[in-house]
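Visitor: I have a structure I would like to understand better, so I am pasting it below and will then ask my questions one at a time.
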Amino acid sequence: MFSGETPVFQQLAAQIADDIVAGVYPEETAVPSATDFAAFHRMNPATASKGVNLLVELGALYKQRGVGMFVATGARELLKKVRRDEFRAHFLRPLLDEARVLGITRDDLHQLIDEEERDKP
Amino acid sequence: MTNAIEIQSVSRAYGGSKALDGVSLSVPEGSILGLLGRNGAGKTTFMSLVAGQDRPSSGYVEVFGERPYEHESVLSQVIFVRDNQRYPDRYDLKDVLRIAPVYAPNWSTEVAAELIDGLRIPDRTPIKKFSRGQLSAVAIVLGLASRAPVTLLDEPYLGLDVTARRFFHDVLLRDYTAHPRTIVLSTHLVEESEALFDRVVILDHGRVRLDVASEEIPEQAFVLSGPSEAVDRLASNRVVLASHTVPGLTSATILGAPDTGLRSEAGRRGAQVSSVSLQELVAAFGADVVEPALLEGARA
Amino acid sequence: MSAIVSAVKLHLNRRRQVFLVPLWIAGVVGVISVVIALIFWRGGSQPGTAEWIQSSRSNPGIIYALGGFLVYLGVSSVGTAYPFALMLGSTRRAFAIGTLAWQALIAAYVAVVFLVLELIEVATHHWFVGFYAFDIYVLGAGDPWRLLVIVFLGVFTFLAIGAVFAGSWVRFGVRGPQLLALGLVVVIGLGIAIVVPGLGAIVAAFQLWWLAVAAGVVIVLASLGTWLFLRSAVIR
């Protein structure tokens, strides 16, 4: 489930964040508790708590005492912004590096992008 | 956060050889520690000392601030089930279940029943006739149902099938969450169990090679692989934990984290930099490539 | 204190075994006594005659029946119970003391059972057929107090001997019992060698209570030995 690339709690946070952005957890609805995430992914509860707290610190989740964890209003936009900031490093850089290796020019790239969008089902 | 277990400069020698050599370690209360390393690395000796079944040759061991050896009140809070536990003559499971609560004040009959059912332990068969997996199952029942504040599990997975291992994990996590306790678990099934650990300690030749929180594991080492010449040059002034070579190709597990300088140089020389899993890390520390003394110097 | 009680409970854990033990022993005694009675009868003796009573009462078969079994019980009480007790969280001290207490308990229990059986034997005129199993010289020839003391000390002694041999095995492995046996042979042999010249005088002056004292000494020394062995044993 979680590989050894980055700390597990970060991976969990990333997965929850992706689910929020994808709409699996709408804003102002509850997400599973850290304990439930731990049981579900079969991981240490403290690690799961760390992952959830990352998102709380970010402002994407908030805790309602006695009730549980909820997705904050504006969380989707917030998390999308975070992903936008990471977009260059995660997607663009590798794409450009690969393009260079294969000898694909900037103009070729623009053309490929247009073609891809056009042919998309 | 108090430490449930404190170990200071502990050595334990048997005759001429040292099972543990200058080990210092703290285990925070309520955490789950993964104790990893090769057979004979000292894991069982470590647990035996914590459980008060043995005394260190030098240094001291403290559980809840007291030395556990012959200490009645501390021992009532610790359970240590070995992988080779002997049971009295002609005992069966019922005998074990009858006497365990006498020694374990927190004993839970519900957890015991659940584990017996899920692990399919025979009721009336003499334990002497149990298979390796069934013996492990009994050990797990004792280890988990006792809800001891300090729970030491030595290779609990031996002989257990995949379903049983999953089940054990689930019950462990659930009961640990509901009734927190300090757990030390030693195992060779690193990949399967690493998600459980708060902290990981790797032992080799009786010494601590690694003592880190789980989240720090990815930055402990990395793998450099590619053309042997390139890898050898890149690894030249670094500590190599283990290496794997065929003519022309080398894969080296290197202590520390790769900086950007190394990454770009590797890229230029056609070598790959990749992360190392905990399992690979444990294997690397057990590989005897570098003399322990050199490792000490490098870390200092 | 509670750890000692726990250790006693551990020894009593297999309840069926504990309660059956005296009955089993009595049964074995009975069977052996029947066999010996048959031998006497075949040898020409008749039940009811003075000669019959005399030889039946002299039959010490019970010692052979009991001795080995009790030593085994003593051995198993320590041999495999000890590592198990340590795992559960017992201290070595509590286990040693608890074992001692258990031995006394069992000895007392067996003594009472034998007394009851002996009283029944006498009341039924030796089981209606002139059959002597418990009303024998070795067990005090009818005197209930003697029977109690003899059985109590006897059972206790055998259990203690079994325990100390198990202790030597736990401490030294296979060598342990061998060395212990060797040591005992040497000590006892030397003792006899020292005593031999005055043996005649000793036998003449012999009092039964000397045996009681001897039993007491054996029990104390064996228990001490068990404790010393267990204390320094390493469970690997």
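The values are calculated or read from the model by the stated rules, or taken from the named source; none is laboratory data. None of the values given here were measured: they were computed from a predicted structure. Cβ placement follows ideal geometry from the backbone for every residue including glycine, while neighbour counts extend to all protein chains displayed.
Visitor: Please report, ordered by residue number, the helices (runs of 4 or more DSSP H) entirely within segment B:204-294 with at least 1 residues that are more than 24 Å from B:GLU191 (Cβ to Cβ).
Guide: Result: B:228-234, B:260-269.
Visitor: Among the residues of segment B:242-255, is there at least one that is in contact with a Lys or Arg (Cβ under 8 Å, 6 or more places away or on another chain) and under 24 Å from B:GLU216 (Cβ atoms)?
Guide: Pass one, segment B:242-255, residues in contact with a Lys or Arg (Cβ under 8 Å, 6 or more places away or on another chain): B:254-255.
Checking the rest, the ones that are also under 24 Å from B:GLU216 (Cβ atoms) come to B:254-255.
Yes; the residues of segment B:242-255 include at least one that is in contact with a Lys or Arg (Cβ under 8 Å, 6 or more places away or on another chain) and under 24 Å from B:GLU216 (Cβ atoms).
Visitor: Go through segment B:113-148 and count every residue that is exposed (fewer than 15 other Cβ atoms within 10 Å of the Cβ) and either within 14 Å of chain C (Cβ to nearest Cβ) or in contact with a Ser or Thr (Cβ under 8 Å, 6 or more places away or on another chain) (or both).
Guide: 3
Visitor: Please indicate, with yes or no, whether at least one residue in segment B:99-112 is surrounded by 17 or more Cβ atoms within 10 Å (Cβ to Cβ), away from every other protein chain (no Cβ under 12 Å), modelled with pLDDT of 95 or more and farther than 18 Å from B:LEU196 by Cβ.
Guide: yes
Visitor: So A:VAL71 clears everything in (1) closer than 30 Å to B:VAL190 by Cα; (2) more than 13 Å from every other protein chain (Cβ to nearest Cβ) except one condition, right? Which one?
Guide: Of the numbered conditions (1) closer than 30 Å to B:VAL190 by Cα; (2) more than 13 Å from every other protein chain (Cβ to nearest Cβ), the odd one out for A:VAL71 is (1).
Visitor: Let me ask something else. Can you pull out every residue in segment B:78-94 that is surrounded by fewer than 23 Cβ atoms within 10 Å (Cβ to Cβ), in contact (Cβ under 8 Å) with a residue 24 or more places away in the chain and facing chain C (nearest Cβ under 9 Å)?
Guide: B:ARG82, B:GLN85, B:TYR87, B:ARG90, B:TYR91
Visitor: Here is a follow-up. Here are some conditions: (1) without any contact (Cβ under 8 Å) to a residue 40 or more places away in the chain; (2) in contact with a helix residue (DSSP H, G or I) (Cβ under 8 Å, 6 or more places away or on another chain); (3) buried (at least 16 other Cβ atoms within 10 Å of the Cβ); (4) in a helix (DSSP H, G or I). A:ARG76 meets all but one. Which one does it not meet?
Guide: (1)
Visitor: C:GLY48: touching a Gly at 6+ places or on another chain (Cβ under 6 Å), modelled with pLDDT under 75 and outside any helix (DSSP H, G or I), yes or no?
Guide: yes
Visitor: Looking at B:ALA19, is it within 14 Å of chain C (Cβ to nearest Cβ), in contact (Cβ under 8 Å) with a residue 60 or more places away in the chain, over 17 Å from C:PRO83 (Cα atoms) and buried (at least 17 other Cβ atoms within 10 Å of the Cβ)? Can you show your working first?
Guide: Details: within 14 Å of chain C (Cβ to nearest Cβ): yes; in contact (Cβ under 8 Å) with a residue 60 or more places away in the chain: yes; over 17 Å from C:PRO83 (Cα atoms): yes; buried (at least 17 other Cβ atoms within 10 Å of the Cβ): yes.
Criteria met by B:ALA19.
Visitor: Taking segment B:150-172, which residues are within 13 Å of another protein chain (Cβ to nearest Cβ) and surrounded by 21 or more Cβ atoms within 10 Å (Cβ to Cβ)?
Guide: B:VAL150, B:THR151, B:LEU152, B:LEU153, B:ASP154, B:PHE168, B:LEU172
Visitor: From the set of residues in segment A:1-33 that are hydroxyl-bearing (Ser, Thr, Tyr) and within 14 Å of chain B (Cβ to nearest Cβ), which is nearest to A:GLU57 (Cα to Cα)?
Guide: Checking each candidate, the answer is A:SER33.
Visitor: Collect the residues in segment A:1-41 that are touching a Pro at 6+ places or on another chain (Cβ under 7 Å) and part of a loop (DSSP other than H, G, I, E, B), keeping them in residue-number order.
Guide: A:GLY4, A:GLU5, A:THR6, A:PRO7 - these are the residues of segment A:1-41 that are touching a Pro at 6+ places or on another chain (Cβ under 7 Å) and part of a loop (DSSP other than H, G, I, E, B).
Visitor: On to the next question. Among the residues that make up segment A:30-47, is at least one of them charged (D, E, K, R), at pLDDT 90 or above and surrounded by fewer than 16 Cβ atoms within 10 Å (Cβ to Cβ)?
Guide: Taking every residue of segment A:30-47 in turn, at least one turns out to be charged (D, E, K, R), at pLDDT 90 or above and surrounded by fewer than 16 Cβ atoms within 10 Å (Cβ to Cβ).
Visitor: Tell me, yes or no, whether segment A:66-88 has at least one residue that is of a type in the set (Asp, Glu), within 13 Å of the chain's Cα centre (by Cα) and modelled with pLDDT under 90.
Guide: Residues of segment A:66-88 of a type in the set (Asp, Glu): A:77, A:85-86.
Filter again for within 13 Å of the chain's Cα centre (by Cα), leaving A:77, A:85-86.
Keeping just the survivors that are modelled with pLDDT under 90 gives A:85-86.
The answer is yes, given that some residue of segment A:66-88 is of a type in the set (Asp, Glu), within 13 Å of the chain's Cα centre (by Cα) and modelled with pLDDT under 90.
Visitor: Then there is this: B:GLY59 - would you say it is at pLDDT 90 or above and either more than 9 Å from every other protein chain (Cβ to nearest Cβ) or outside any strand (DSSP E or B) (or both)?
Guide: yes
Visitor: Would you please list the contacts, defined by Cβ atoms under 7 Å and residues six or more apart or on different chains, that run from a residue in segment B:260-275 that is within 13 Å of another protein chain (Cβ to nearest Cβ) and closer than 16 Å to B:PRO218 by Cβ to a residue that is in a helix (DSSP H, G or I) and not aliphatic (A, V, I, L, M)?
Guide: B:VAL273/B:ARG263; B:SER275/B:PRO218
Visitor: So B:GLY52 ticks every box in (1) on the phi < 0 side of the Ramachandran plot; (2) in contact with a helix residue (DSSP H, G or I) (Cβ under 7 Å, 6 or more places away or on another chain); (3) not in a strand (DSSP E or B) but one. Which box is left unticked?
Guide: Of (1) on the phi < 0 side of the Ramachandran plot; (2) in contact with a helix residue (DSSP H, G or I) (Cβ under 7 Å, 6 or more places away or on another chain); (3) not in a strand (DSSP E or B), only one is false for B:GLY52: (1).
Visitor: Do you know which of the residues in segment C:79-109 that are hydroxyl-bearing (Ser, Thr, Tyr) and assigned to a helix (DSSP H, G or I) is nearest to the chain's Cα centre (by Cα)?
Guide: C:TYR109
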